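First the structure, in the form of structure tokens, and then the observations on it.
The values are calculated or read from the model by the stated rules, or taken from the named source; none is laboratory data. Everything quoted here is computed from the prediction, not taken from an experiment. Counting neighbours? That spans all protein chains shown, and the Cβs are built from the backbone with ideal geometry, glycine included. Accessible surface is based on the protein model in full, side chains and every heavy atom, while ligands, DNA and RNA are left aside. Shrake-Rupley method; radii C 1.70, N 1.55, O 1.52, S 1.80 Å.
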Amino acid sequence: MLSSFISKLKAKANRSKLKDRSFEFLFEEDRSGEYVVIDTETTGLDIKEDEILSIGAVKIKDNKILTSQTFEVFLKNSKEISSNSIKIHRIRPFDLKDAKTTKEGIVEFLKFIGSRPLIGYYLEFDVGMINKYTKDMLGITLPNRMIEVSEIYFDKSISLIPQGNIDLRFDTILKNCNIPNMGAHNAVNDAIMTAMIYLKLTKGSK
């Protein structure tokens, strides 16, 4: 009860900071029945210093992945991409030659997600990266409800391995959920695999 009240106060405070009223839709009640699974590829893991290179997303509705409704955008960045970073996400400076400006890409992303709940793996990081831009552009952080798949996986696993050491690495969760690894490491593929994990873990619980 108290936590719900505090959440409403925080949401109200966040909304009051909105600089551009054309983005009020982010705070409206979602009636689509859809969820959006998101993933970002970045120059590194430091939210303050690093930048987003790409954002991928896919919608879920009625326990189905809407593969016809995927989202992908590449963003221009101000820093040189390190070789270690390229080894992970395979995004080279050449791949960003037609990338959109940060503002263009973030606006497109916000229109895609609307006020739908967001699902992700290590979602706090992805949202933290996106919030860095929305704070600067709009004065707000993403108000969407957040669902972390590793938490769902942990809660389900702890009952089977009480007091055990649960491996929450993405590849381990994929394997234990019997979900094929799609191979190519990019934001859209990672979002689709995360969507498959979510549906596998929540099957029969809705």
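May I ask you to work out the translational diffusion coefficient for the chain at 10 °C, viscosity 1.306 mPa s, via Stokes-Einstein with Rh from the Kirkwood sum over Cα pairs, reported in whole µm²/s?
Taking Rh from Cα pairs, D becomes 88 µm²/s.
Out of Met193, Met182, Met146, any idea which swings most in a Gaussian network model of the chain, alpha carbons joined below 10 Å? It is Met182. Residue by residue, segment 99-104 carries 3J(HN,Hα) couplings of 5, 8, 5, 3, 4, 4 Hz when phi is fed to the Karplus relation 6.51 cos²θ - 1.76 cosθ + 1.60 (θ = phi - 60°); x denotes Gly or Pro. With contacts taken as Cα pairs under 8 Å at a separation of at least 6 residues, segment 19-63 carries a relative contact order of 38 percent.
Note that segment 7-89 shows a convex hull volume over its alpha carbon atoms of 169 Å³ per residue.
Please work out whether segment 115-184 counts as rounded, prolate or oblate from its C-alpha gyration tensor, where a ≥ b ≥ c are the square roots of the eigenvalues and a/c under 1.5 means rounded, while otherwise a/b larger than b/c means prolate and anything else oblate? Before the final figure, lay out each step's value.
Numbers: a/c = 2.89, a/b = 1.98, b/c = 1.46.
Taking the square roots of the gyration eigenvalues as a ≥ b ≥ c, segment 115-184 is prolate.
Below 12 angstrom from the Cβ of Ile47, what's the summed charge of the other residues (Lys, Arg +1; Asp, Glu -1)?
Working: positive: Lys48, Lys132, Lys135; negative: Asp46, Glu49, Asp50, Glu51, Glu124, Asp126.
Cβ neighbours under 12 Å give a net charge of -3.
Within segment 175-199, find all residues whose amide N lies under 14 Å from a label point positioned 7 Å from the Cα of Asp155 along Cα-to-beta-carbon. Answer for this model: 198-199. The antiparallel fraction among DSSP beta bridges confined to the chain stands at about 75%. Of the solvent-accessible surface of segment 1-151, computed with a 1.4 Å probe over protein heavy atoms with every protein chain present, carbon and sulfur atoms account for 51 percent.
Phi angles across segment 64-80 convert, under the Karplus curve 6.51 cos²θ - 1.76 cosθ + 1.60 with θ = phi - 60°, into 3J(HN,Hα) values of 10, 7, 8, 5, 7, 10, 9, 9, 8, 9, 9, 10, 5, 10, 9, 10, 5 Hz, Gly and Pro given as x. Close amide H contacts of Glu51 (hydrogens built in the peptide plane, cut-off under 5 Å, sequence separation of 5 or more or a different chain): Thr43, Gly44.
Positive end of the dipole of segment 166-206 (Cβ unit charges, origin at the Cα centre): among Ala191, Asn181, Thr202, the Cα lying farthest that way belongs to Thr202.
Under the simplified labelling scheme, the Lys203-Phe25 pair shows an inter-label distance of 3.4 nm, with each label point 7 Å from Cα along Cα→Cβ. Full extension of the chain between Thr67 and Glu49 yields a length gain of 3.2 nm, computed as 0.36 nm times the residue separation minus the alpha carbon distance. Residue by residue, segment 21-37 carries 3J(HN,Hα) couplings of 5, 6, 9, 4, 4, 5, 9, 6, 5, 7, 10, 6, x, 9, 10, 10, 8 Hz when phi is fed to the Karplus relation 6.51 cos²θ - 1.76 cosθ + 1.60 (θ = phi - 60°); x denotes Gly or Pro.
Separation of segment 101-158 from segment 23-76 is 7 Å, based on Cα centroids.
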